[in-house]
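Only the coordinates and a few stated rules stand behind these numbers; no lab work does. Model, not experiment: these values are computed from the prediction. Cβ placement follows ideal geometry from the backbone for every residue including glycine, while neighbour counts extend to all protein chains displayed.
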Amino acid sequence: MSKVALHTLGCKLNFSETSAIGKQFIQNGFSIVNHDNAPDVFVLNTCTVTENAEKECRQIVRRVLRQNPEAFVIVTGCYAQLRSDQIAAIPGVDLVLGSKEKFSLFEFAGDFSKNKLACTFVSPTEELNSSFGFASSSDADSRTRAFFKIQDGCDYKCSFCTIPLARGSSRSMSEQDAVIQFTELVNQGYKEIILTGVNVGDYRKDEDNALYLLLKKLVEIKGDFRIRISSIEPNLLTDEIIELTASNPKMCKHFHIPLQSGSSKILKLMQRRYKANFYSTLITKIVGKISDVGIGVDVITGFPGETDEDFMETYNFIKDLPVAYLHVFTYSERPMTKAIEMDGVVDVAERRRRTNMLRILSEKKKAIFYERNKYKLEEVLFENNQEDGSIKGFTSNYIRVSTSFSEELVNKFVNVELTDFNGNLYDCNIIPNSKILLNDLKTA
Ligand code: SF4
């Protein structure tokens, strides 16, 4: 049996698409192995969101080829879509496939005999708009979590972002298909299904409140599962979605909401679709409606034109927000974006200093959020891995929990009391038997 190794860089959407590619290989008689287990074929699904992501891609390809010079190397994904020439120039790469072609990999790969020069198949961006590759992925060997792609592409024009060029315009799976595929995942035993896309809130953008309507159908499906939304733009998080999350325990009490800057001046330069006060009002509303909600925030530091004052505005803005953690990105110039032409370039060392400050703030926010949850009763979905005699899982509001390993906890929703935390991990006491007890205690 031939062996394939797959590697993914970037977002959850890419992970779910790599998983779909992996399924194609299995259907074609391949076994999936680690890249240090002498694969015959190596597939790298790339990301282009920062310069670093592209650098990492080139490094990985070179490393894999050093270890497996005979392997047939395929590089696909957003970086391949936008700068295929850079990848094709790496000696040893056999096939470069764009965002559309990655779902028909076997049509392009032939018999996987190594090429002298890389062959490149990349459709123009306009052609991406007519394709939607089905994809869902899961934790390697468990049925704990599945990432389920319901949307692709983006019509927004954030001035720093190349994703719309790499993935085309916004398009979605039909509601009917989404319900069918979601039900299949539930029937396969997946306990947490994470809705993913480039801009999930834009799901079926031409219909009113389509994501809410889909969620309403999904929570009605019978089974033991919960739903998490991977990330949602603030202007697309509707009151109805918030209400549904507040009232239905199948919805995780967790949102990841990109902010990018707390300065309305910078938000305007970024061409984001809201001002800072809209964002803070939204967060206040969510926190008021959903008890113990966990909110994550994306922020970019060092965007062109961001002065010390603008950065401190962002810092103080976030300091006052009741959010749980930050994902901080240092701005990096991307070709073909508006931002690359902008004045007021921030020195790279200064960008990193700002990133560092926000990462420290993130740790503080997390500690406050964790402290607030001490002795709270939560439902944890435990995973499959045993590590140093312990087992880990997440609460609905995205707190990482650990306890002593027991086979009975694997892939189960278990009621716990959060007792004490150390860094990112909470210890807990298992509450024996039942959601009923948990609900009684909550209302007591
Ligand atoms: S919303 Fe903005 S940042 Fe997000 S993918 Fe679309 S253009 Fe890029």
Fraction of antiparallel bridges per DSSP, region 129-252 only, in percent to nearest 5: 35 percent
Isolated Cys in the chain, by beta carbon distance under 4.7 Å: CYS11, CYS47, CYS57, CYS78, CYS119, CYS154, CYS252, CYS428
Cross-link reach list, lysines versus LYS364, counting only Cα pairs under 19 Å and skipping chain neighbours closer than eight places: LYS319, LYS374
Amide H contacts of ASN385 (H built 1.01 Å from N, under 5 Å, at least 5 apart or other chain): LYS392
5 angstrom amide H check on TYR426, placed H, neighbours 5+ away: ARG400, VAL401, SER402
Ellipticity estimate at 222 nm from DSSP helix runs (n ≥ 4, -39,500 (n - 2.57)) divided over the chain, nearest 500: -10500 deg cm²/dmol
Distance violations [Cα-Cα > 26 Å] among LYS250/LYS366; LYS217/LYS392; LYS149/LYS250; LYS191/LYS253; LYS149/LYS217: LYS217/LYS392
Rounded if a/c under 1.5, otherwise prolate or oblate - region 3-123, Cα gyration tensor axes: rounded
For region 352-366 and region 65-83, distance of Cα centres in Å: 34 Å
Among PRO432, PRO39, PRO164, residue whose mean-square fluctuation peaks in a GNM of the chain (springs only between Cα atoms under 10 Å): PRO432
Nearest-20 debye value, the chain charge dipole, Cβ charges on Lys, Arg, Asp, Glu: 340 debye
Share, in percent, of DSSP beta bridges within the chain that are antiparallel, nearest 5: 40 percent
Three-way shape call for the chain based on the alpha-carbon gyration tensor, with the a/c threshold at 1.5: oblate
GNM top mover of ASP177, ASP40, ASP310 - the chain, alpha-carbon springs below 10 Å: ASP177
Ascending count of other beta-carbon atoms within 10 Å, so fewest first, for SER231, SER174: SER174, SER231
Ascending count of other beta-carbon atoms within 10 Å, so fewest first, for ILE391, ILE340: ILE340, ILE391
Region 252-262 - phi-based ³J(HN,Hα) in whole Hz, Karplus 6.51/-1.76/1.60, Gly and Pro as x: 5, 7, 8, 10, 10, 10, x, 10, 6, 7, x
Region 17-63-region 291-316 distance, computed between alpha-carbon centres (Å): 33 Å
Amide H contacts under 5 Å for VAL73, placed H, 5+ residues apart: PHE42, ASP94, LEU95
Under 23 Å between alpha carbons - lysine pairs in region 3-123 that sit 8 or more apart or on different chains: 16
